[in-house]
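Notes to accompany the following structure.
The values are calculated or read from the model by the stated rules, or taken from the named source; none is laboratory data. On a predicted model such as this, the values are computed, not experimentally measured, just so you know. Here the Cβ positions follow ideal geometry from the backbone for every residue, glycine too, while neighbour counts run over all protein chains shown.
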Amino acid sequence: MANNIILDIAQSVRQERAGPALLPIQAKLYSQQLRLEMSRPPLTSFSLKHQYECLNDAILLVECGLIERDEAQDSEWRSSLYRAAQIVEWLSNASLRPQNAPLHLISAAIYQVADLPAMALGHLNRLHNDSKTSVLLSTFLRGDFPAVITAINNFWKDEYSENKKFGEDENLINISLLTEKHIVMCIGTICAYLKTGNLGLTQRAILKLKNLAKTYLHSRDPYSYLLARLIAITAQKFVENCLWPHINNLKEQSSPRAGQALVQFAHASFISKRALVWPAQAAGIKRLLHEESFVLCTPTGSGKTTIATLGVIQGLFADGGIDDLIGEVTASNLVLYLVPSRALAAEVEQRLSIDLMGIDAKPVIVTGLYGGIDWGPTDAWVQHDDPAIVICTFEKADALIRYLGILFLDRVRLVVIDEAHMVNESHELFSRTKNVSSRSLHLEQLGMRLLQAQDHNHFKIIALSAVAAQAAPAMARWLGSGPNAEPVTSNHRSTRQMIGKLEVSTTGKFSIRYALMDGQKLVFDRELSEDTPYVPSPFAPMPSSLEGGPDIRMRAPTLWSALNLAQERNDGLRPAVLISITQNISPFAKTCADLMDHWQNEILPNYSAIDVNDSACVVPPVFSTTANEDLRPVFALRR
């Protein structure tokens, strides 16, 4: 146990080296690895000495972060680990990494301990593994537990083959190999718990991993002890964040049939690599244990959809729709899932169809009504007695409640509102709106109708939003159970967010300038101008010059940048690039088609173009046409 003096030292190290802004040497390291990754000239002022200085800082931050984690859990100990993981990740670049140093595994393990599993996954997906043990540890740190079980089986097959080929000498004991085998056994035990929910010898396996880590303290490899220690802590976090305890708690508050469906969902989640619960999800699941409505306002990528899916399962098989004598669903339960657009409705329908497949003896009906402001023949589902999830836009939901509300509202057990901040419009808007076709007016009417229907039919409302942090309390009071209702909020962001500028000169030359990384400033203090955090000439100049007015001249640079940013990297990955065009897409598409024709003799980047004849494509290509020309495919970048 650390005393107060050691704890104060750990906190001072965090404040000094893991503050809101990167230290100059840390920002320089990031710029160096970014330039190397993009095959650009490296910084001249960043030397081997700086690399080891950064690595020592990272190890110090890990030690201090773990001390605070054990002794002061309410502190900002994750900041120390997050900064350490960033530094080690940047140093894991092939041109910066010390020889044979498993920095990619160490970085991923630190991310996992800091409750940033998506960061660990994203980092490891960019790297290749050499040995069978490295593959096993890499898949374990990814959270891909089905692949871990496969890797464990392969490990024991290889061990059996080698022992059978060369034989075993009982007088010779290979301590390293023996330790490795016991680590594999412990990881296998933990994966068995994550798969079945049977605790068994899990706690004993975690304790054994911690003790095995100590055997590496005096290893000749300077990184073995750190990695083994982080693996043991990560294993413990996996057990703590397992989905099964939450499923068991929900079962106690749900009907027997819903409980069985929740168990099947947990089994399916393991197969789909979602066996762990993230911090924001844990807070949402706690609110599912109660009957009242709530608002979930967490960042993009924090796992809101899983909370909604668990709520959907509860609602579909709630007691109100079950005949206790025959155990069948009679007056079938309905769940309304409201989204702002038809495109999102189609995405939600596909996802729920997959997530809910096989959770019950009868297939769960997922109906996508999508858009429209009227009722039609496709809405005949209201007369069916099967439990169903109805997915539609806000306008369609408003029409359904107006025309058919008396036929189905008594069967509704749950309403999920995605992008709920769009519905929670100001009440002043209702009186100010003159246009009866205004979407704001429809959303305001929908909100009032939902609350009125809730008063009569007592269904639950779950509102989801990723951008309503400031409006969350008002939304909670609006949709919640009273004036004191509180939203479920979290600052947990599982993915990296970079903010900066891509600049193009009049001569067609580009540069990338980054300003913020996960809200932290990227600055160099008192450094040479060439060492600013930017990438000069990240790719070749554009073949054509900037022409036309302000609305046209940026089309060519946008297309050229997208093609280059989407090109295959040295590690074999092809990044996804989105060009967001909210309106007037046809002129932009025509310009892109003309540019691709104009550049056909140029050497284009090796981007991942989609074959328009490939029927398996999920991303449609963009087409350009006029009255006097044939339909021309422009380009489509794979997601």
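Here's the yes/no breakdown for (1) out of contact with any Leu (no Cβ under 9 Å at 6 or more places or on another chain); (2) among the small types (Gly, Ala, Ser):
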| site | (1), (2) |
| --- | --- |
| 14 | no, no |
| 39 | yes, yes |
| 67 | no, no |
| 72 | no, yes |
| 82 | no, no |
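Residues that are surrounded by fewer than 19 Cβ atoms within 10 Å (Cβ to Cβ) and in a loop (DSSP other than H, G, I, E, B): does region 256-270 have at least one? No, region 256-270 contains no residue that is surrounded by fewer than 19 Cβ atoms within 10 Å (Cβ to Cβ) and in a loop (DSSP other than H, G, I, E, B). Of all residues in region 1-22, those satisfying the criterion of being crowded, with 16+ Cβ neighbours inside 10 Å and modelled with pLDDT of 90 or more are 7, 10, 11, 13, 14, 17, 18.
Residue count for region 24-64, restricted to those that are among the hydrophobic types (A, V, I, L, M, F, W, C) and modelled with pLDDT of 90 or more: 11.
For region 256-281, filtering for residues that are modelled with pLDDT under 90 and of a type in the set (Gly, Ala, Ser) leaves 1. Suppose the filter is on the phi > 0 side of the Ramachandran plot, modelled with pLDDT under 85 and either surrounded by 15 or more Cβ atoms within 10 Å (Cβ to Cβ) or among the hydroxyl-bearing types (Ser, Thr, Tyr) (or both); does residue 370 pass it? Taking the combined requirement at face value, the residue satisfies it. If you check 109, 114, 72 for being surrounded by fewer than 19 Cβ atoms within 10 Å (Cβ to Cβ) and over 18 Å from residue 51 (Cα atoms), only one passes: 72. Check region 42-65 and report whether any residue there is outside any loop (DSSP other than H, G, I, E, B), among the aromatic types (Phe, Trp, Tyr) and surrounded by 16 or more Cβ atoms within 10 Å (Cβ to Cβ). There is no residue in region 42-65 that is outside any loop (DSSP other than H, G, I, E, B), among the aromatic types (Phe, Trp, Tyr) and surrounded by 16 or more Cβ atoms within 10 Å (Cβ to Cβ). Counting only residues that are surrounded by 19 or more Cβ atoms within 10 Å (Cβ to Cβ) and under 24 Å from residue 140 (Cα atoms), region 240-255 holds 6 of them. Against the list (1) farther than 30 Å from residue 174 by Cα; (2) at pLDDT below 95; (3) outside any loop (DSSP other than H, G, I, E, B), the condition residue 134 fails is (1). Taking the conditions exactly as written (crowded, with 18+ Cβ neighbours inside 10 Å, under 24 Å from residue 126 (Cα atoms), in contact (Cβ under 8 Å) with a residue 24 or more places away in the chain and touching a Phe, Trp or Tyr at 6+ places or on another chain (Cβ under 9 Å)), does residue 27 satisfy them or not? Yes: the conditions hold for residue 27.
Of all residues being out of contact with any Leu (no Cβ under 8 Å at 6 or more places or on another chain) and not in a helix (DSSP H, G or I) in region 222-255, which is farthest from residue 362 (Cα to Cα)? Just the residue, please. Looking at the filtered set, the residue picked out is 222. Could you list, in sequence order, the residues of region 11-41 that are in a loop (DSSP other than H, G, I, E, B) and hydroxyl-bearing (Ser, Thr, Tyr)? 39 - this is the single residue of region 11-41 that is in a loop (DSSP other than H, G, I, E, B) and hydroxyl-bearing (Ser, Thr, Tyr).
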